[in-house]
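Below: the structure, in structure tokens.
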Amino acid sequence: MKDILERLIRGEIDISEAEQLLKANNILEFDDIAKFDAQRSDRTGFPEAVFSPSKDYDDLIAIIKNYLKKSNEDLIITKLSPDRFEKIIEDLGENSYIFDYNKRAQILIIRKEITEKEPIAKIGIITAGTSDINIAEEARVIIEEGGCEAITSYDIGVAGIHRLFPQIAHMVSEGVRAFIVCAGMEGALPSVVAGLVDVPVIAVPTSVGYGVGEGGRVALDAMLQSCAPGIAVVNIDNGFGAAVFALTIVNSDSK
């Protein structure tokens, strides 16, 4: 960065070239394995994340070690199995970093230090059934990492819709700025919630289901086809993406 700025001062490059070089400089490249956006948190309010399942373990641990060596930000690793988590602790050393692993969500946050901050907003997270909780927990971890408070209520789907209304009323009274609603099977719950509230609803179809609903495609199609306004739909089982979108809403409102 210093070299780029010195070249700008000397008139060797113009403002536009300097901007492009600085953007390129913000990408960390690790042995042709991965490229990390070092300034993502400055731009979006949210740090870099690693999707782990498709990566060879040796590549994964190389990415983690290099990132922690070159960055002071937290590192998020999603869809991480308990076996791989235990192996990461062995390779990094249990006392070297702060490991925050949610086994149900299979998400790991590696920190160099813990900083306490006042929550900037509240976000409601709802599931239709207990089988959707793992995806909701993924969203909760990300919401809290992003500096918001998550208010959760699980297993309140349309099969027993009387359970829903008191929980929605409580979250509205708490001033939640968005709802994340996770549902499988027929995926009806986000439509019901969106018909009751005046804040954005982020629908997360889950892969819970059988027969024609197996894999979550029916829930996804139902959410995309909803007649209730104010719904955004993320991909199947994408609790992470739903949480980041909710944080984007909150951060946009605060600017």
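Here are some notes:
- Residue count for region 208-227, restricted to those that are small (G, A, S), closer than 12 Å to G184 by Cβ and part of a loop (DSSP other than H, G, I, E, B): 1
- Those residues of region 131-174 which are in a helix (DSSP H, G or I) and among the polar types (S, T, N, Q), in sequence order: S131, N134, Q167, S173
- The number of residues in region 132-176 that are touching a Gly at 6+ places or on another chain (Cβ under 6 Å) and β-branched (V, I, T) comes to 3.
- Test: residue in region 142-149 that is under 24 Å from V218 (Cα atoms), in contact (Cβ under 8 Å) with a residue 24 or more places away in the chain and touching a strand residue (DSSP E or B) at 6+ places or on another chain (Cβ under 8 Å): no
- Within the set G215, G241, the sole residue that is assigned by TED's automatic domain parsing to the domain that holds Q167 and more than 18 Å from the chain's Cα centre (by Cα) turns out to be G215.
- Qualifying residue in region 230-246 (condition: among the small types (G, A, S) and part of a loop (DSSP other than H, G, I, E, B)): yes
- Members of region 119-139 found to be charged (D, E, K, R) and either free of Cβ contacts under 8 Å to residues at least 24 places away in the same chain or surrounded by fewer than 24 Cβ atoms within 10 Å (Cβ to Cβ) (or both), listed by number: K122, E137
- Enumeration of residues in region 103-118 that are touching a residue at least 40 places away in the same chain (Cβ under 8 Å), more than 13 Å from I143 (Cβ to Cβ) and of a type in the set (V, I, T): I110
- Residue in region 187-200 that is free of Cβ contacts under 8 Å to residues at least 12 places away in the same chain, outside the structural domain of K79 (by TED's automatic domain parsing), in a helix (DSSP H, G or I) and not aliphatic (A, V, I, L, M) present: no
- Residue within region 15-35 that is surrounded by 14 or more Cβ atoms within 10 Å (Cβ to Cβ) and either at pLDDT 85 or above or acidic (D, E) (or both) present: no
- Per the listing L92, L75, L108, L80, the residue uniquely of a type in the set (A, V, I, L, M, F, W, C) and over 19 Å from the mean Cα position of the chain (by Cα) is L92.
- Count of region 36-57 residues which are modelled with pLDDT of 70 or more and not charged (D, E, K, R): 7
- None of A242, A222 is in contact (Cβ under 8 Å) with a residue 60 or more places away in the chain and buried (at least 17 other Cβ atoms within 10 Å of the Cβ) except A242.
The values are calculated or read from the model by the stated rules, or taken from the named source; none is laboratory data. Note that this is a predicted model, so its numbers are computed, not measured. Heads up, the Cβs are rebuilt from the backbone with ideal geometry, glycines too, and the neighbour counts pull from every protein chain shown.
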